[in-house]
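Undergrad: Have a look at the structure that comes next, please.
FYI, it's all coordinate maths here, none of it is from the lab. Everything numeric here is computed off the predicted structure, so don't read it as measured data. Reconstructed Cβ throughout: ideal geometry from the backbone, glycine too, with neighbour counts over all protein chains shown.
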Amino acid sequence: MSKALIVYGTRYGATASTSEDIAETLSKEGLDVKVVNLKKDKVKDINEYELVIVGSGIQIHKWTKEPEKFLKKFQKELAKQKVALFVCCGSTEPLDDKTDKAKSIKNARTKYLEEKAAKYNLQPVALGLFGGVYNFNNVPWLFGKFMQSIKPQLEAAGVPQTEPGLYDTRDLNAIRNWAKEVAQTVQS
């Protein structure tokens, strides 16, 4: 049975639940999966895994620091393994009519995934760009002030409020389909 490692960093939980969805799908596809929240646990060795998936949330145009450190630490090993990268970010969902959605997605993919892979000399088997979660209940005061201007745009764009103050822009079917494709690349 092929072994997969999913490591992630998250600020507000979207990347954590996305990692769990990916892990569940990989398990259904026959992989033995371990999921690690890099804020809570350290990874000492990755050589036993046929696949390593690294995920991050994006805030203020940056990856979270833990997966960034992971990529730096294991750069040489990852260059020899099957690797997939994914991010959860709001940039996938333009919040006004003036912004071209396809252009937003292309720019986010380039900035957050392709440039990250190039920085660490990786040749990923897959890159996943997923929506994020806007949580108005759990943000620092100053950032919350900035986010208040986004709330009406989310509502106007039809983004569902899954709980009071929580807007989820992710497409769970797209995440699961991506994970199935990743599993197939490992097993082929």
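Undergrad: Between exposed trypsin sites (Lys or Arg not before Pro) in the chain, where DSSP calls loop and at most 16 other Cβ atoms lie within 10 Å, what's the longest gap?
TA: The reported range is 99-188.
Undergrad: Also, I was wondering about something else. Would you kindly derive the ³J(HN,Hα) couplings of region 162-174 from the backbone phi angles with the Karplus curve 6.51 cos²θ - 1.76 cosθ + 1.60 (θ = phi - 60°), listing them in order in whole Hz, with x for Gly and Pro?
TA: 6, 8, x, x, 10, 10, 10, 9, 6, 9, 4, 5, 5
Undergrad: Over 21 Å apart: what share of the alpha carbon pairs of region 124-188 falls there, rounded to a whole percent?
TA: For region 124-188, the share of Cα pairs beyond 21 Å comes to 41 percent.
Undergrad: Find how much the distance from E77 to E155 grows on full extension, using 0.36 nm per residue of separation minus their present alpha carbon separation; answer in nm with one decimal.
TA: Stretched out fully, the E77 to E155 stretch lengthens by 23.7 nm.
Undergrad: Right, next: By how many nm would the segment from N37 to K180 lengthen if fully extended, with 0.36 nm per residue of separation less the alpha-carbon distance?
TA: 49.3 nm
Undergrad: Which aspartates and glutamates, if any, have their Cα less than 20 Å from the Cα of K103, not counting same-chain residues under 8 positions apart?
TA: Of all the aspartates and glutamates, those that pass the test against K103 - Cα under 20 Å, at least 8 places apart if same chain - are E93, E114, E115, D171.
Undergrad: Compare S17, S27, S56 in a GNM of the chain, Cα atoms joined below 10 Å, and give the one with the largest fluctuation.
TA: S17
Undergrad: Right, here's the next one. Pop the C-beta distance of S104 and M1 into the FRET formula with R0 = 35 Å and round what comes out to the nearest 0.05.
TA: 0.35
Undergrad: Where does helix 14-28 land angle-wise versus the long Cα axis of the chain, in degrees 0 to 90, nearest 10?
TA: Tilt relative to the chain: about 40 degrees.
Undergrad: Using the alpha carbons of the chain, what is the convex hull volume per residue in cubic angstrom, as a whole number?
TA: Hull volume normalised by residue count: 116 Å³.
Undergrad: How would region 10-113 be classified by its alpha-carbon gyration tensor: rounded, prolate or oblate, with rounded meaning a/c under 1.5 and the a/b versus b/c comparison settling the rest?
TA: prolate
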